[in-house]
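Heads up: the structure comes next, in structure tokens.
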Amino acid sequence: MTKKEEPPVSQVPRAVRVASLLSEGEELSGDDQGDEDEDDHAYEGIPNGGWHTSSLSSSLSSSLLIPDLPPHPMDGLPMGPTPSPPVIKAGWLDKNPPQGSYIYQKRWVRLDTDHLRYFDSNKDAYSKRFVPVACISRVAAIGDQKFEVITNNRTFAFRAESDVERKEWMQALQQAVAEQRARARLSSAYPLGVQGSEPPDRAGSLELRGFKNKLYVAVVGDKVQLYKNLEEYHLGIGITFIDMSVGNVKEAADRRGFDLTTPYRIFSFSAESELEKEQWLEAMQRAIAEALSTWEVAERIWAVAPNRFCADCGAAQPDWASINLCVVICKRCAGEHRGLGAGVSKVRSLKMDRKVWTETLIEALCAAVTTSDLAETQALLGCGAGVNCFSGDPEVPTPLALAEQAGQTLQMEFLRNNRTTEVPRLDSMRPPEKHYSVVLPTVSHSGFLYKTASAGKLLQDRRAREEFSRRWCVLSDGVLSYYENERAVTPNGEIRASEIVCLAVPTPNTHGFEHTFEVYTEGERLYLFGLESAELAREWVKCIAKAFVPPLAEDLLARDFERLGRLPYKAGLSLQRAQEGWFSLIGSELHAVFPEGPCEEPLQLRKLQELSVQGDSENQVLVLVERRRTLYIQGERRLDFTGWLGAIQKAAASSGDTLSEQQLGDSDIPVIVYRCVDYITQCGLTSEGIYRKCGQTSKTQRLLESLRLDARSVRLKEGEQHVDDVSSALKRFLRDLPDGLFTRVQRLAWLEASEIEDEEEKVSRYRGLLARLPPVNRATVKALISHLYCVQCFSDTNQMNTHNLAIVFGPTLFQTDGQDYKAGRVVEDLISHYVMVFSVDEEELRKQREEITAIVKMRVAGTASGTQHAGDFICTVYLEEKKAETEQHVKIPASMTAEELTLEILDRRNVGIREKDYWTCFEVNEREEAERPLHFAEKVLPILHGLGTDSYLVVKKHQSMEAMLLYLASHVGETKHGMMKFREDRSLLGLGLPSGGFHDRYFILNSSCLRLYKEVRSHRPEKEWPVRSLKVYLGVKKKLRPPTCWGFTVVHETEKHEKQQWYLCCETQMELREWFATFLFMQHDGLVWPSEPSRVSRAVPEVRLGSVSLIPLRGSENEMRRSVAAFTADPLSLLRNV
């Protein structure tokens, strides 16, 4: 028996045309040249299975030349499943890796009509690398037996055994490239659908066992393609591809993992989340169905020329059909038809629904486009005629019966498939609703514009007047066309309004023409137009905006804007999927119109609590956090998103030197002021000579420049900035204000008021002058004087009493030379009469004192433990789970409780609280795999300073609180006792290594302490801890191998700030709840949950946000087996056991 020289391998995907993946003018980066064969070493761990010896030859010839390619069927359009491309040449070659030009490794190289691939051996099923022939630009000899295969961004070096063999390889490669280019030219004759342009069903990054880094995986047709990264995916140069006709997918033990199994290898993938895993499984199942589908029906239907293109969009090779409308459609349009409902269009696959396709139905679909037999019937049905209407003849009562009597089989098939068809009708009682994507009525405008060549990136440099060309432009029927002159018939180019995603208006004189505007399109192109006339430019901008903005967002056109367009976003309760909204930037306000819901209030960009960019360079998300609102804008298109990002950041920054032009906080206080005040309040209250001492001039100047540029992004940290540098920056900022803090108009009145002798009259005058200040100035004066009032409270330590502070701040705030004593007197009066002048009530004063006391205590504790804390109490808190989309950045005052923080987070995200929703703030420790629900009255700031790098705060529902409250209500007595498994965490040699195992111990918990006894009969406790000094966390880390699932971790901190830790395990879930409820009861004098109805006072929306369970924290279900996951089971189960 003759052995085959070449094994059948997985089918090769269509050639990737790099030019179609890159926008015009975009250059390929060559920074990583030379590492194209990094996979030779980084991917050595990939096991390749061998082919069965019965079908393989043990010795293949070093070269194999196969003759000409077979002709393409259907006049060049592929008709059947992707065949295995014919092999042109195969053999052993030495390949040069990037480690050095003298190190070569032997590789089995195979060239077919579509790809050049190389393998570790001739028995491997999956390549180490594949290069599309379409990507090869040239082949060149470089020395003895060596040659290079050069692509646009990679160079692959090979060495043959002889010059003759090298020549054969070069000729084979050059011939393959030439034939590939000829096919590409032939394909260009078909404007709709080019071979190889099939979009992926799903693409993204996945972890693959055996690889250090994530791979970029694409499911295309019946193939799964593996690439090193997204860049190489765009270039088409990958690692290998897997033919799904021999593949099978199934879930793995890891809840985020799944396996792709083939006869040659098992590929173990891991996704980012369970949801993503499900989406990947669905995509790969579809690829398997595609690979196993039959092409018989498709080929017969495509044999009729009109059926080779989608009836809706014209795409080539449509593999779906609407059997009741008798049209063939592509996969994308099939989705639209499904959206209409089965009553309008019954969609079936030409390749997978084989049982549906009877001979009569196939003939009907072919006859519908070649004959007029069905035309009249289709027209009648489309006009609303009923398929089951009475024909007037009792013997043949329906049209179907008439067709059967007449022997019209095609008519019968057509009528059968339309028995349940519903003809869409408009409601005659009300006008149809406007669809989101409906464009306004046609806008017409024409005139001369000056235009530059389109660009694929933002215009960073000024475009000179000479770079603009005068063009006659016409806006009509949703198309902006530009011509050489007004007499030209054929346009030089055109921009469809439906493709415009953004319209921007730069400031005057940005470019060579005084007035310009920019048009961004979906194709990542930027068009710049210019005019000298402001009125004409404004008219053009208005007309273009009307042409591409839908009626839904027409209110955005009422005012002149700097930037207008559509962007994908997530907001409010709709965080599961991105929607497309319309935005306009007007000054420092961002106006938004969303497809659902009322018109949004504009975002005040200078008052944002956070403005940040998250994600990697390929998937950027702009996060805008305003009080009670969080908006995520996604960078789907890099070009216009980059423009939006720069414009929003500029609008959110300080725009001038006056107070009102600064970035502002919630209370209209400039961010630069409260950044400095907060830092000094935390780190400088006890610093001797604070504000009197000056910082280093250079450091002060650098700090002030960064604060003026973007104060919101500046984080002041102890050890990086000295308090004297910060205090000097604050004084410099206040002194340099053009209008001053007290304004030039009122400055003299303030100084005159200081000379009034009667104290009551003086305070009254100050209050009147304060009311007349602009809002930002008034808020800033109060914040500053409140801060100075706190500073003078520590004058015994910092030596800065009211008089000394007045000497420093009088000339600063009134911008005098220090000779006028009245300026200092005003400041001294304001500090001394702070409570009366600013109408400070007792509650506000109490909170302020508590905050200062908490700060001083923490600094004393920090000094004792050798730790110092950074300034600026800003904490990242998550809602329901730790994800980028759910994080919130909150400023934490010392007086804020866990309840207040919880309500703050829920208010920001507009989450309503129902009667039995027990929303709680949890402290999560990922390293210990445990979490602790904070008591509602617990102060957050001390917890924040005690969090480690592996801990965070999350607000979510306490699923077991109702059951615990029911237990406490029915519990008799104030003690709890019982047996539990106990383990102590001892430190060995200071390494913190746990020792010992779990042992049975008897515990008694009362209002004062927790006692541990060796057994029930013991009289003296082995250990005893004060109950109020214990922190109880739900969960026990899995490496300790707890004997049950129902465990918790107890932490005790001694007076010397030494932490001791124990682990306790209960036998049942009920026991765990009872113990934990009792701990809370004892520690907080029986007040486990607030009794006042403040938590349910707000309106509750119908939509529920998220369904994330309390646990697990991370890992697979198997890994979290001994976690506190069961603690989240049905709370009412406790009642069944009572």
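The values are calculated or read from the model by the stated rules, or taken from the named source; none is laboratory data. Being a predicted model, the structure only gives us computed values, none of them experimental. Here the Cβ positions follow ideal geometry from the backbone for every residue, glycine too, while neighbour counts run over all protein chains shown. With ligands, DNA and RNA removed, areas are computed over all heavy atoms of the protein, side chains included. Shrake-Rupley method; radii C 1.70, N 1.55, O 1.52, S 1.80 Å.
In the set (1) of a type outside the set (Asp, Glu); (2) open to solvent by less than 90 Å² (accessible area, probe 1.4 Å); (3) not in a loop (DSSP other than H, G, I, E, B), residue 470 fails one condition alone, (2). Of the residues making up segment 821-853, those that are open to solvent by less than 60 Å² (accessible area, probe 1.4 Å) and either in contact with a Pro (Cβ under 8 Å, 6 or more places away or on another chain) or aliphatic (A, V, I, L, M) (or both) number 12.
For residues in segment 906-928 being open to solvent by less than 20 Å² (accessible area, probe 1.4 Å) and assigned to a loop (DSSP other than H, G, I, E, B), which is nearest to residue 1038 (Cα to Cα)? Once the filter is applied, the top-ranked residue is 928. For segment 683-707, the set of residues classified as touching a helix residue (DSSP H, G or I) at 6+ places or on another chain (Cβ under 7 Å), over 20 Å from residue 809 (Cα atoms) and open to solvent by 30 Å² or more (accessible area, probe 1.4 Å) consists of 699 only. Residues in segment 794-810 that are outside any helix (DSSP H, G or I) and either more than 21 Å from residue 848 (Cβ to Cβ) or of a type in the set (Gly, Ala, Ser) (or both): 799 only. Criterion applied to 1036, 1051, 1027, 1016 was being among the β-branched types (Val, Ile, Thr) and over 28 Å from residue 962 (Cβ atoms), and the one residue passing it is 1016.
In summary, strands (runs of 3 or more DSSP E) completely within segment 251-330 and bearing 2 or more residues that are farther than 13 Å from residue 349 by Cα and open to solvent by less than 10 Å² (accessible area, probe 1.4 Å) occur at 257-261, 266-270. Within segment 157-179, identify whether any single residue is within 28 Å of residue 231 (Cβ to Cβ), of a type in the set (Ser, Thr, Tyr) and either surrounded by fewer than 20 Cβ atoms within 10 Å (Cβ to Cβ) or at pLDDT 90 or above (or both), and answer yes or no. There is no residue in segment 157-179 that is within 28 Å of residue 231 (Cβ to Cβ), of a type in the set (Ser, Thr, Tyr) and either surrounded by fewer than 20 Cβ atoms within 10 Å (Cβ to Cβ) or at pLDDT 90 or above (or both). For beta carbons closer than 8 Å, sequence separation of 6+ or different chains, a first residue in segment 1024-1035 that is among the acidic types (Asp, Glu) and a second that is open to solvent by 20 Å² or more (accessible area, probe 1.4 Å), the qualifying pairs are 1024/1011. Residues in segment 655-682 that are touching a Lys or Arg at 6+ places or on another chain (Cβ under 8 Å) and either of a type in the set (A, V, I, L, M) or buried (at least 22 other Cβ atoms within 10 Å of the Cβ) (or both) were compared, and the one that is farthest from residue 605 (Cα to Cα) is 682.
When residue 517 is tested against (1) at pLDDT 90 or above; (2) open to solvent by 10 Å² or more (accessible area, probe 1.4 Å); (3) more than 16 Å from residue 499 (Cβ to Cβ), exactly one condition is not met: (2). Any residue that is touching a Gly at 6+ places or on another chain (Cβ under 9 Å), open to solvent by less than 30 Å² (accessible area, probe 1.4 Å) and at pLDDT below 90 - is there at least one of those in segment 970-981? No. Determine if segment 479-494 includes at least one residue that is touching a strand residue (DSSP E or B) at 6+ places or on another chain (Cβ under 7 Å), within 19 Å of residue 646 (Cα to Cα) and surrounded by fewer than 15 Cβ atoms within 10 Å (Cβ to Cβ). No - not one qualifying residue is present in segment 479-494.
Answer yes if at least one residue in segment 638-648 is open to solvent by 20 Å² or more (accessible area, probe 1.4 Å) and among the aliphatic types (A, V, I, L, M), and no otherwise. Within segment 638-648, one or more residues are open to solvent by 20 Å² or more (accessible area, probe 1.4 Å) and among the aliphatic types (A, V, I, L, M).
Restricting to segment 129-181, name every residue that is basic (Lys, Arg) and assigned to a strand (DSSP E or B). Correct list: 129, 138, 146, 159. Does residue 557 satisfy being part of a helix (DSSP H, G or I), modelled with pLDDT of 85 or more and within 22 Å of residue 631 (Cβ to Cβ)? Yes, satisfied.
The set of residues in segment 730-782 that are among the charged types (D, E, K, R) and open to solvent by less than 20 Å² (accessible area, probe 1.4 Å) contains only 762. Applying the condition of being within 37 Å of the chain's Cα centre (by Cα) and among the small types (Gly, Ala, Ser) to segment 451-467 and asking which residue is most open to solvent (accessible area, probe 1.4 Å) yields 453. Under the condition of being buried (at least 17 other Cβ atoms within 10 Å of the Cβ) and either free of Cβ contacts under 8 Å to residues at least 12 places away in the same chain or in a loop (DSSP other than H, G, I, E, B) (or both), the residues counted in segment 224-250 number 5.
Applying the set (1) surrounded by fewer than 18 Cβ atoms within 10 Å (Cβ to Cβ); (2) of a type in the set (A, V, I, L, M, F, W, C); (3) at pLDDT 85 or above; (4) under 38 Å from the mean Cα position of the chain (by Cα) to residue 448 leaves exactly one unmet item: (4).
Filtering segment 599-611 to residues that are at pLDDT 80 or above, surrounded by fewer than 20 Cβ atoms within 10 Å (Cβ to Cβ) and part of a strand (DSSP E or B) leaves only 604.
Mind checking which residues of segment 926-947 are farther than 19 Å from residue 889 by Cα and of a type outside the set (Asp, Glu)? Of everything in segment 926-947, those that are farther than 19 Å from residue 889 by Cα and of a type outside the set (Asp, Glu) turn out to be 927, 930, 932, 933, 935, 936, 937.
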